Amino acid sequence: IRRSVLLGTGSGLPARVVTNADLATQIETSDDWIVDRTGIRQRYIAGEGETTATLATDAGRKAIEAAGLTPDDIDVIVLATATPDQTFPSTASKVQSALGCKQAYAFDVAAVCSGFLYALGTADALLHRGMGKRALVIGAETFSRILDWEDRTTCVLFGDGAGAMVLELREFPADQADTAPGIIATKLHTDGEHNCLLYVDGGPSTTQTVGKLRMKGREVFRHAVVNLADVLTEVLSETGYAATDIDWVVPHQANARILDATAKKLGLPVERMVKTVDIHANTSAASVPLAFDVAFRDGRIKSGDLVMLEAMGGGFTWGASLLRA
Ligand code: ACO
């Protein structure tokens, strides 16, 4: 069997931290409301000179170092973002040049908060198809730049950042399927019917503006819990693992209540959910690899652990990926 094996992870965060109390000085909100409804205590906000590409470059550099590789070893860069530096060239192209990954072809994928799952699935498929041996997969966002800072129902929820993983395709004897590291299965879904519940009200082909994020939070919440539980069940039944076999779930960090509700629906102990929404808030495509990097570096996720990644976002898009670290 062949598997895309995780060799290293990395994070890139802006220098500036904005607390709930800081926000309460600008809009009518409170630390209590935000913590109670979302679990968020602070978020990182990009400042001058910090962009999706610079954060992605930081995360990518650290992931390549952690993998014990050099930029020349990377064959493909897949970068998930909904907040690219420019409409084109792709943010991945800028990162390719900033990192000096001269051998790598590079492109962006757009699936909003599920973007990292889509990027990971795409990179895994490319490696299996022989279109490179090592991939750098990045989720990177600067949602602060598309928020309506006068809309308290959305602006308190999001933050900026980037996370990255390096994958390498390796071969294992067939009888090691149960223990071999790497990505075991990925499932992705889209339902374009609900594109008016979470969207940006601008774009190059419509308004010729960047636009602002708009969301019907309550309805998104309802769909998120149902869709996430469905896709997690789908991956488990396809791979033959039980919820109790999973060592760690690394979920998209939208909201602590979505995480808890999903864990409950699947019968997973909440202690096995990696939670970083308190420090990062919702960083869209960056949230899964950022949370993974935190739990990998602090020793919670260990080599050999069975880890489920999951996310849901605008589109709607959602997905899950099961891997052995
Ligand atoms: N501070 C204080 N009060 C607020 C704030 C705020 N920041 N925002 C809203 N309120 C008020 C509302 O105005 C409302 O007041 P009212 O009752 O007088 O009208 C009250 O709080 C309740 O508002 P609701 O929107 O009903 O609150 P709810 O409990 O649904 O929580 C939230 C809102 C946190 C957005 C929730 O719906 C949610 O988490 N939804 C999921 C959305 C999400 O995470 N999206 C991310 C992208 S998709 C994804 O990643 C899954």
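The values are calculated or read from the model by the stated rules, or taken from the named source; none is laboratory data. Please read these numbers as outputs of a predicted model, since none were measured by experiment. Using ideal geometry, Cβ is built from the backbone for each residue, glycine included, and neighbour counts are taken over all protein chains shown.
Within segment 144-179, if we keep just the residues that are assigned to a loop (DSSP other than H, G, I, E, B) and out of contact with any helix residue (DSSP H, G or I) (no Cβ under 7 Å at 6 or more places or on another chain), the residue that is nearest to the ligand (Cβ to nearest atom) turns out to be D151. Is it the case that segment 5-13 has a residue that's of a type outside the set (F, W, Y) and touching a Phe, Trp or Tyr at 6+ places or on another chain (Cβ under 6 Å)? Yes, the conditions are met somewhere in segment 5-13. The condition (being within 16 Å of the ligand (Cβ to nearest atom) and at pLDDT below 95) is satisfied by just one residue among A281, A224: A224.
Does segment 57-73 contain any residue that is within 14 Å of the ligand (Cβ to nearest atom) and either closer than 27 Å to L259 by Cβ or in a strand (DSSP E or B) (or both)? Walk me through it before giving the result.
Initially, segment 57-73 is screened for residues within 14 Å of the ligand (Cβ to nearest atom), giving none.
There is no residue in segment 57-73 that is within 14 Å of the ligand (Cβ to nearest atom) and either closer than 27 Å to L259 by Cβ or in a strand (DSSP E or B) (or both).
Across segment 156-192, which residue is modelled with the lowest pLDDT among those that are acidic (D, E) and more than 23 Å from the chain's Cα centre (by Cα)? Can you show your working first?
Step one: filter segment 156-192 for residues acidic (D, E), giving 160, 168, 171, 175, 178, 191.
Restricting the remaining residues to those that are more than 23 Å from the chain's Cα centre (by Cα) gives 171, 175, 178.
Numbers: E171: 98, D175: 97, D178: 94.
Among those that are acidic (D, E) and more than 23 Å from the chain's Cα centre (by Cα), it is D178.
Put simply, of G267, G315 the only residue that is within 13 Å of the ligand (Cβ to nearest atom) and out of contact with any Lys or Arg (no Cβ under 7 Å at 6 or more places or on another chain) is G315. Does A256 meet the test of being modelled with pLDDT under 95 and either within 10 Å of the ligand (Cβ to nearest atom) or farther than 22 Å from I138 by Cβ (or both)? Considered against the rule, which asks whether it is modelled with pLDDT under 95 and either within 10 Å of the ligand (Cβ to nearest atom) or farther than 22 Å from I138 by Cβ (or both), A256 comes out as yes.
When residues in segment 23-54 are screened for being in contact with a strand residue (DSSP E or B) (Cβ under 9 Å, 6 or more places away or on another chain) and without any contact (Cβ under 8 Å) to a residue 12 or more places away in the chain, 0 of them pass. The sole residue among A263, A224, A291, A295 that is part of a helix (DSSP H, G or I), surrounded by 16 or more Cβ atoms within 10 Å (Cβ to Cβ) and without any contact (Cβ under 8 Å) to a residue 40 or more places away in the chain is A263.
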